[in-house]
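The values are calculated or read from the model by the stated rules, or taken from the named source; none is laboratory data. Here the structure is a predicted model, which is why all the values come from computation and not from measurement. FYI the Cβ positions are ideal-geometry reconstructions off the backbone, even for glycines, and counts take in every protein chain you see.
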Amino acid sequence: MAQINKPNQYFNTKLWTGTGSSNALTGVGFQPDWTWIKNRTDANSHVLQDAVRGVGNTIISNNTDLQSAEGSGDLTAFGSDGFTVGTNGRVNGSGKSMVAWNWKAGTSFTNDASATGIGTIDSAGSFNNDSGFSIVSYTGTGSAGTIKHGLNSVPSIIIIKVLTNTANDWCVYHQATGNNQSTFLNGTNAVSSNAFMNNTTPTSSVFSVDGSNYSSGSSRNYIAYCFAEKKGYSKFGSYTGNGNADGTFVYTGFKPAFVMWKKSNSTSEWIMVDSKRNTYNEVDKLLRANQNSAENTYGACDFLSNGWKFRDGDTDFQASGDTYIYMAFAEEPLVGTNNIPATAR
(Lines give C-alpha, C1' and ligand atoms only; values in the text may rest on other atoms or scores of the structure.)
Protein backbone atom coordinates (compact mmCIF):
# COMPACT_ATOMS: atom_id res chain seq x y z
CA MET A 1 0.00 0.00 0.00
CA ALA A 2 1.47 3.33 -1.07
CA GLN A 3 1.91 5.87 1.70
CA ILE A 4 0.34 9.34 1.51
CA ASN A 5 3.08 11.89 2.21
CA LYS A 6 0.96 15.06 2.04
CA PRO A 7 -2.26 14.37 3.94
CA ASN A 8 -3.38 18.00 3.67
CA GLN A 9 -4.02 17.41 -0.02
CA TYR A 10 -7.01 15.25 0.99
CA PHE A 11 -8.08 16.46 4.44
CA ASN A 12 -7.74 19.88 6.03
CA THR A 13 -9.30 21.90 8.81
CA LYS A 14 -10.28 25.53 8.20
CA LEU A 15 -10.81 28.10 10.98
CA TRP A 16 -12.36 31.55 10.59
CA THR A 17 -14.26 34.26 12.40
CA GLY A 18 -17.80 34.77 11.14
CA THR A 19 -18.89 37.98 9.45
CA GLY A 20 -22.66 37.54 9.28
CA SER A 21 -22.59 38.14 5.51
CA SER A 22 -21.57 35.99 2.56
CA ASN A 23 -17.91 35.08 2.89
CA ALA A 24 -15.65 33.27 0.39
CA LEU A 25 -13.06 31.33 2.37
CA THR A 26 -9.77 30.06 0.96
CA GLY A 27 -6.74 28.23 2.30
CA VAL A 28 -8.17 24.71 2.37
CA GLY A 29 -5.62 23.67 -0.25
CA PHE A 30 -8.06 21.85 -2.52
CA GLN A 31 -11.66 21.96 -3.68
CA PRO A 32 -13.54 20.14 -0.93
CA ASP A 33 -16.21 17.58 -1.74
CA TRP A 34 -17.43 17.13 1.83
CA THR A 35 -17.45 20.02 4.30
CA TRP A 36 -18.56 19.70 7.93
CA ILE A 37 -19.04 23.06 9.70
CA LYS A 38 -19.57 23.90 13.38
CA ASN A 39 -20.01 27.21 15.18
CA ARG A 40 -17.56 26.86 18.07
CA THR A 41 -18.89 29.78 20.10
CA ASP A 42 -22.62 29.10 20.15
CA ALA A 43 -24.99 26.19 20.60
CA ASN A 44 -25.82 25.71 16.92
CA SER A 45 -26.26 22.57 14.86
CA HIS A 46 -23.47 21.03 12.82
CA VAL A 47 -23.84 21.65 9.07
CA LEU A 48 -22.77 18.98 6.58
CA GLN A 49 -22.78 19.55 2.84
CA ASP A 50 -21.19 17.73 -0.06
CA ALA A 51 -20.65 18.14 -3.78
CA VAL A 52 -22.69 15.05 -4.67
CA ARG A 53 -25.95 16.34 -3.14
CA GLY A 54 -25.06 19.89 -4.22
CA VAL A 55 -24.55 23.12 -2.31
CA GLY A 56 -27.48 24.44 -0.33
CA ASN A 57 -28.55 20.97 0.81
CA THR A 58 -27.82 20.62 4.51
CA ILE A 59 -27.86 17.61 6.80
CA ILE A 60 -27.14 17.83 10.51
CA SER A 61 -25.09 15.30 12.48
CA ASN A 62 -26.70 16.07 15.85
CA ASN A 63 -30.27 15.16 14.94
CA THR A 64 -32.36 12.93 12.68
CA ASP A 65 -33.69 15.70 10.42
CA LEU A 66 -34.06 15.07 6.72
CA GLN A 67 -32.05 17.05 4.20
CA SER A 68 -33.12 20.70 4.00
CA ALA A 69 -32.54 23.20 1.22
CA GLU A 70 -30.95 26.18 2.97
CA GLY A 71 -30.29 28.23 -0.15
CA SER A 72 -28.03 31.19 0.62
CA GLY A 73 -27.97 30.53 4.37
CA ASP A 74 -25.36 27.81 4.84
CA LEU A 75 -22.62 26.74 2.43
CA THR A 76 -23.33 28.33 -0.96
CA ALA A 77 -20.38 27.31 -3.16
CA PHE A 78 -17.35 25.04 -3.33
CA GLY A 79 -14.25 26.83 -4.65
CA SER A 80 -10.91 25.61 -5.95
CA ASP A 81 -9.27 26.40 -2.58
CA GLY A 82 -12.20 26.45 -0.17
CA PHE A 83 -15.89 27.32 0.00
CA THR A 84 -18.34 30.17 0.49
CA VAL A 85 -20.59 30.45 3.53
CA GLY A 86 -23.83 32.39 3.70
CA THR A 87 -25.56 34.33 6.43
CA ASN A 88 -26.78 31.67 8.87
CA GLY A 89 -25.27 32.05 12.32
CA ARG A 90 -24.46 28.35 12.51
CA VAL A 91 -21.92 28.72 9.68
CA ASN A 92 -20.99 32.40 9.80
CA GLY A 93 -22.23 34.14 12.94
CA SER A 94 -20.78 37.63 13.22
CA GLY A 95 -17.73 37.58 15.48
CA LYS A 96 -18.12 33.86 16.20
CA SER A 97 -15.33 31.30 15.98
CA MET A 98 -16.00 28.71 13.27
CA VAL A 99 -14.42 25.43 12.17
CA ALA A 100 -14.84 23.33 9.03
CA TRP A 101 -13.39 19.89 8.38
CA ASN A 102 -12.90 19.23 4.67
CA TRP A 103 -12.35 16.06 2.64
CA LYS A 104 -11.48 15.68 -1.04
CA ALA A 105 -13.02 13.04 -3.30
CA GLY A 106 -13.05 14.56 -6.77
CA THR A 107 -13.72 11.83 -9.36
CA SER A 108 -17.37 11.34 -10.30
CA PHE A 109 -18.97 8.00 -11.02
CA THR A 110 -22.38 6.55 -11.88
CA ASN A 111 -23.31 2.89 -11.75
CA ASP A 112 -26.24 1.26 -13.49
CA ALA A 113 -26.17 -1.96 -11.51
CA SER A 114 -28.11 -4.01 -14.02
CA ALA A 115 -25.81 -2.93 -16.87
CA THR A 116 -22.46 -3.28 -15.07
CA GLY A 117 -23.25 -6.24 -12.85
CA ILE A 118 -21.70 -4.37 -9.92
CA GLY A 119 -24.20 -4.36 -7.06
CA THR A 120 -27.96 -4.57 -7.30
CA ILE A 121 -28.93 -0.94 -6.54
CA ASP A 122 -27.92 1.96 -8.78
CA SER A 123 -25.56 4.52 -7.28
CA ALA A 124 -23.66 7.68 -8.16
CA GLY A 125 -21.09 9.77 -6.39
CA SER A 126 -17.52 10.92 -6.10
CA PHE A 127 -14.41 9.02 -5.00
CA ASN A 128 -10.68 9.25 -4.39
CA ASN A 129 -8.82 5.97 -4.34
CA ASP A 130 -5.58 7.58 -3.17
CA SER A 131 -7.17 8.75 0.09
CA GLY A 132 -9.79 6.00 0.33
CA PHE A 133 -12.83 8.26 0.50
CA SER A 134 -16.10 8.20 -1.42
CA ILE A 135 -19.50 9.89 -1.27
CA VAL A 136 -22.32 7.69 -2.54
CA SER A 137 -25.88 8.67 -3.44
CA TYR A 138 -28.58 6.05 -4.00
CA THR A 139 -32.32 5.40 -3.71
CA GLY A 140 -33.53 2.60 -1.50
CA THR A 141 -35.63 -0.29 -2.76
CA GLY A 142 -37.10 -1.62 0.47
CA SER A 143 -35.22 -4.86 -0.07
CA ALA A 144 -31.76 -6.15 0.72
CA GLY A 145 -29.16 -5.30 -1.92
CA THR A 146 -25.62 -4.22 -2.68
CA ILE A 147 -24.33 -0.79 -3.72
CA LYS A 148 -21.17 0.24 -5.57
CA HIS A 149 -19.11 2.57 -3.37
CA GLY A 150 -16.59 3.70 -5.98
CA LEU A 151 -13.43 2.66 -4.13
CA ASN A 152 -10.98 -0.08 -5.09
CA SER A 153 -10.45 -1.09 -1.45
CA VAL A 154 -12.65 -2.27 1.39
CA PRO A 155 -14.27 0.54 3.43
CA SER A 156 -13.46 0.52 7.14
CA ILE A 157 -16.21 2.98 8.06
CA ILE A 158 -19.52 3.72 6.35
CA ILE A 159 -21.80 6.51 7.59
CA ILE A 160 -25.31 6.51 6.07
CA LYS A 161 -28.08 9.12 6.35
CA VAL A 162 -31.59 9.00 4.91
CA LEU A 163 -32.40 12.29 3.14
CA THR A 164 -36.09 12.07 2.18
CA ASN A 165 -39.47 10.67 3.26
CA THR A 166 -39.12 9.81 6.98
CA ALA A 167 -36.46 11.10 9.39
CA ASN A 168 -34.16 8.46 10.84
CA ASP A 169 -30.85 8.09 12.64
CA TRP A 170 -27.38 8.38 11.12
CA CYS A 171 -26.11 4.78 10.94
CA VAL A 172 -22.41 4.10 11.48
CA TYR A 173 -20.69 0.87 10.46
CA HIS A 174 -17.17 0.43 11.85
CA GLN A 175 -14.85 -2.45 10.99
CA ALA A 176 -13.82 -2.82 14.65
CA THR A 177 -17.34 -3.81 15.74
CA GLY A 178 -18.41 -5.88 12.74
CA ASN A 179 -21.09 -6.08 10.10
CA ASN A 180 -23.98 -6.95 12.44
CA GLN A 181 -23.33 -4.05 14.84
CA SER A 182 -23.83 -0.30 14.50
CA THR A 183 -24.32 2.91 16.36
CA PHE A 184 -25.80 6.31 15.58
CA LEU A 185 -23.81 9.46 14.88
CA ASN A 186 -26.63 11.65 16.22
CA GLY A 187 -26.88 9.84 19.55
CA THR A 188 -24.96 8.47 22.52
CA ASN A 189 -26.07 4.87 22.00
CA ALA A 190 -23.66 2.02 22.56
CA VAL A 191 -22.85 -0.15 19.58
CA SER A 192 -25.59 -2.78 19.35
CA SER A 193 -27.01 -5.42 17.04
CA ASN A 194 -28.39 -3.85 13.88
CA ALA A 195 -28.69 -5.48 10.48
CA PHE A 196 -28.68 -2.32 8.34
CA MET A 197 -25.52 -3.67 6.62
CA ASN A 198 -27.39 -6.95 6.05
CA ASN A 199 -24.83 -8.71 8.30
CA THR A 200 -22.36 -8.52 5.42
CA THR A 201 -18.86 -7.05 5.42
CA PRO A 202 -18.19 -4.56 2.60
CA THR A 203 -16.02 -5.68 -0.30
CA SER A 204 -13.61 -3.72 -2.48
CA SER A 205 -16.49 -2.89 -4.82
CA VAL A 206 -19.80 -2.85 -2.89
CA PHE A 207 -21.44 -2.49 0.51
CA SER A 208 -24.64 -4.23 1.56
CA VAL A 209 -27.95 -2.88 2.88
CA ASP A 210 -30.88 -4.73 4.45
CA GLY A 211 -33.92 -2.88 3.07
CA SER A 212 -34.79 -1.13 6.35
CA ASN A 213 -35.43 2.61 6.54
CA TYR A 214 -31.97 2.98 8.09
CA SER A 215 -30.20 2.07 4.86
CA SER A 216 -32.56 1.26 1.98
CA GLY A 217 -36.20 2.10 2.63
CA SER A 218 -38.38 2.01 -0.46
CA SER A 219 -38.08 5.17 -2.63
CA ARG A 220 -36.05 6.99 0.03
CA ASN A 221 -32.88 8.85 -0.98
CA TYR A 222 -29.65 8.22 0.93
CA ILE A 223 -26.11 9.52 1.17
CA ALA A 224 -23.21 7.35 2.35
CA TYR A 225 -19.69 8.46 3.32
CA CYS A 226 -17.19 5.60 2.91
CA PHE A 227 -13.62 5.48 4.23
CA ALA A 228 -10.90 2.93 3.55
CA GLU A 229 -7.74 3.00 5.63
CA LYS A 230 -4.61 4.44 3.96
CA LYS A 231 -1.07 4.29 5.34
CA GLY A 232 0.22 7.63 6.56
CA TYR A 233 -3.20 9.27 6.17
CA SER A 234 -6.08 7.52 7.97
CA LYS A 235 -6.70 4.99 10.70
CA PHE A 236 -9.99 3.46 11.85
CA GLY A 237 -9.69 1.29 14.91
CA SER A 238 -10.51 0.72 18.55
CA TYR A 239 -8.79 1.02 21.93
CA THR A 240 -9.43 0.14 25.56
CA GLY A 241 -9.29 2.80 28.26
CA ASN A 242 -7.31 2.53 31.49
CA GLY A 243 -9.08 5.28 33.44
CA ASN A 244 -5.81 6.99 34.43
CA ALA A 245 -4.24 10.39 33.90
CA ASP A 246 -1.35 8.39 32.44
CA GLY A 247 -3.78 7.31 29.79
CA THR A 248 -4.03 4.87 26.93
CA PHE A 249 -1.76 5.47 23.93
CA VAL A 250 -3.38 4.96 20.53
CA TYR A 251 -0.96 4.22 17.69
CA THR A 252 -1.85 5.54 14.24
CA GLY A 253 1.49 5.67 12.44
CA PHE A 254 1.10 9.41 11.86
CA LYS A 255 0.77 12.73 13.66
CA PRO A 256 -2.99 13.32 13.93
CA ALA A 257 -4.78 16.27 12.36
CA PHE A 258 -8.29 15.16 13.36
CA VAL A 259 -9.70 12.45 15.61
CA MET A 260 -13.28 11.52 16.47
CA TRP A 261 -13.96 8.78 19.01
CA LYS A 262 -16.87 7.20 20.88
CA LYS A 263 -17.30 4.54 23.53
CA SER A 264 -18.64 1.39 21.87
CA ASN A 265 -19.69 -0.81 24.81
CA SER A 266 -21.82 1.83 26.54
CA THR A 267 -23.31 5.27 26.08
CA SER A 268 -21.05 8.28 25.42
CA GLU A 269 -20.63 11.35 23.25
CA TRP A 270 -18.86 11.50 19.87
CA ILE A 271 -15.79 13.62 20.76
CA MET A 272 -14.10 15.65 17.99
CA VAL A 273 -10.59 17.15 18.31
CA ASP A 274 -8.12 18.54 15.78
CA SER A 275 -4.68 20.10 15.44
CA LYS A 276 -5.87 23.50 14.17
CA ARG A 277 -8.02 24.39 17.17
CA ASN A 278 -5.19 23.11 19.40
CA THR A 279 -1.83 23.99 17.88
CA TYR A 280 0.10 22.63 20.86
CA ASN A 281 -0.51 20.04 23.58
CA GLU A 282 -2.60 19.45 25.50
CA VAL A 283 -5.56 18.91 23.15
CA ASP A 284 -8.43 20.37 25.15
CA LYS A 285 -10.88 22.06 22.75
CA LEU A 286 -13.72 19.61 22.33
CA LEU A 287 -16.78 19.46 20.10
CA ARG A 288 -19.39 16.71 19.97
CA ALA A 289 -20.80 15.40 16.69
CA ASN A 290 -24.07 14.37 18.37
CA GLN A 291 -24.69 17.70 20.13
CA ASN A 292 -25.25 21.29 19.03
CA SER A 293 -23.27 22.50 22.06
CA ALA A 294 -20.52 25.10 21.83
CA GLU A 295 -16.88 24.11 22.11
CA ASN A 296 -15.74 23.45 25.65
CA THR A 297 -12.29 23.11 27.21
CA TYR A 298 -11.30 19.90 28.94
CA GLY A 299 -7.84 18.35 28.81
CA ALA A 300 -8.28 15.18 26.80
CA CYS A 301 -5.03 14.04 25.24
CA ASP A 302 -1.72 14.89 23.59
CA PHE A 303 -1.11 14.56 19.85
CA LEU A 304 2.20 12.78 19.22
CA SER A 305 4.26 11.98 16.14
CA ASN A 306 2.73 8.51 15.84
CA GLY A 307 -0.69 8.76 17.50
CA TRP A 308 -2.20 10.25 20.62
CA LYS A 309 -2.10 9.64 24.38
CA PHE A 310 -4.89 10.39 26.81
CA ARG A 311 -4.37 12.57 29.86
CA ASP A 312 -7.67 11.97 31.63
CA GLY A 313 -9.81 8.96 32.49
CA ASP A 314 -13.11 10.71 31.73
CA THR A 315 -15.83 8.26 30.69
CA ASP A 316 -16.14 9.90 27.26
CA PHE A 317 -12.38 9.49 26.67
CA GLN A 318 -11.03 6.25 28.15
CA ALA A 319 -12.79 4.86 31.19
CA SER A 320 -11.06 1.81 32.65
CA GLY A 321 -11.90 -1.35 30.71
CA ASP A 322 -14.27 0.36 28.29
CA THR A 323 -13.79 0.04 24.54
CA TYR A 324 -13.91 2.92 22.04
CA ILE A 325 -14.02 3.23 18.26
CA TYR A 326 -12.35 6.05 16.38
CA MET A 327 -11.59 7.62 13.03
CA ALA A 328 -8.35 9.59 12.59
CA PHE A 329 -6.73 11.59 9.79
CA ALA A 330 -3.12 12.70 9.53
CA GLU A 331 -1.28 15.99 9.69
CA GLU A 332 1.86 14.18 8.51
CA PRO A 333 3.06 10.55 8.35
CA LEU A 334 5.43 9.23 10.98
CA VAL A 335 8.18 8.98 8.37
CA GLY A 336 7.72 10.26 4.83
CA THR A 337 9.31 8.76 1.74
CA ASN A 338 11.94 11.52 2.10
CA ASN A 339 12.92 9.76 5.37
CA ILE A 340 12.17 12.87 7.41
CA PRO A 341 10.32 11.81 10.59
CA ALA A 342 7.36 13.63 12.07
CA THR A 343 8.04 15.36 15.38
CA ALA A 344 5.87 15.54 18.47
CA ARG A 345 4.40 18.92 19.38
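Table for the structure above
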{"read-out": "Subset of segment 243-259 (residues that are buried (at least 22 other Cβ atoms within 10 Å of the Cβ) and charged (D, E, K, R))", "value": "K255"}
{"read-out": "Segment 65-86, residues that are surrounded by 19 or more Cβ atoms within 10 Å (Cβ to Cβ), in contact (Cβ under 8 Å) with a residue 40 or more places away in the chain and in contact with a Gly (Cβ under 9 Å, 6 or more places away or on another chain)", "value": "L75, T76, G82, V85, G86"}
{"read-out": "Criterion (touching a strand residue (DSSP E or B) at 6+ places or on another chain (Cβ under 7 Å) and closer than 24 Å to W170 by Cα) met by exactly one of A300, A328", "value": "A328"}
{"read-out": "Count of segment 4-47 residues which are among the aliphatic types (A, V, I, L, M) and farther than 18 Å from D81 by Cα", "value": "3"}
{"read-out": "Unique residue being over 22 Å from the mean Cα position of the chain (by Cα) and part of a loop (DSSP other than H, G, I, E, B) when the list is S143, S114", "value": "S143"}
{"read-out": "Evaluation of V136 against (1) within 24 Å of K263 (Cα to Cα); (2) touching a Cys at 6+ places or on another chain (Cβ under 8 Å); (3) not in a loop (DSSP other than H, G, I, E, B) (one fails), failing number", "value": "(1)"}
{"read-out": "Lone qualifier among F303, F317 - being aromatic (F, W, Y), out of contact with any helix residue (DSSP H, G or I) (no Cβ under 8 Å at 6 or more places or on another chain) and under 26 Å from T35 (Cβ atoms)", "value": "F303"}
{"read-out": "A105, sole failed condition from (1) of a type outside the set (D, E, K, R); (2) surrounded by fewer than 16 Cβ atoms within 10 Å (Cβ to Cβ); (3) not in a strand (DSSP E or B)", "value": "(2)"}
{"read-out": "Residue in segment 328-342 that is among the hydroxyl-bearing types (S, T, Y) and at pLDDT 95 or above present", "value": "no"}
{"read-out": "Residue match in segment 8-17 (condition: loosely packed, with under 15 Cβ neighbours inside 10 Å, out of contact with any Leu (no Cβ under 8 Å at 6 or more places or on another chain) and not acidic (D, E))", "value": "yes"}
{"read-out": "Close pairs from segment 88-104: first over 19 Å from S234 (Cβ atoms) and free of Cβ contacts under 8 Å to residues at least 60 places away in the same chain, partner surrounded by fewer than 23 Cβ atoms within 10 Å (Cβ to Cβ) and not basic (K, R), Cβ under 7 Å, at least 6 apart", "value": "N88/E70; N88/G73; R90/N44; R90/S45"}
{"read-out": "Only listed residue being assigned by TED's automatic domain parsing to the domain that holds P32, crowded, with 19+ Cβ neighbours inside 10 Å and either under 20 Å from A294 (Cβ atoms) or in contact with a Gly (Cβ under 7 Å, 6 or more places away or on another chain) (or both), chosen from V55, V99", "value": "V99"}
{"read-out": "Members of segment 18-34 found to be surrounded by 20 or more Cβ atoms within 10 Å (Cβ to Cβ) and β-branched (V, I, T), listed by number", "value": "V28"}
{"read-out": "Where a residue in segment 117-146 is free of Cβ contacts under 8 Å to residues at least 40 places away in the same chain and its partner, wherever it lies, is among the acidic types (D, E), with Cβ under 6 Å and at least six apart", "value": "D122/D112"}
{"read-out": "Some residue of segment 35-43 being of a type in the set (S, T, Y) and surrounded by 20 or more Cβ atoms within 10 Å (Cβ to Cβ)", "value": "yes"}
{"read-out": "D42, sole failed condition from (1) closer than 25 Å to V172 by Cβ; (2) touching a residue at least 40 places away in the same chain (Cβ under 8 Å)", "value": "(1)"}
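This table checks each residue for (1) among the hydroxyl-bearing types (S, T, Y); (2) more than 29 Å from G54 (Cα to Cα).
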| position | (1), (2) |
| --- | --- |
| T166 | yes, no |
| C171 | no, no |
| T177 | yes, yes |
| G187 | no, no |
| S205 | yes, no |
| Y214 | yes, no |
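Matching residues to (1) closer than 25 Å to K231 by Cα; (2) not in a strand (DSSP E or B):
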position: K255; (1), (2): yes, no
position: K309; (1), (2): yes, no
position: D312; (1), (2): no, yes
position: I325; (1), (2): yes, no
position: E331; (1), (2): yes, no
position: R345; (1), (2): yes, yes
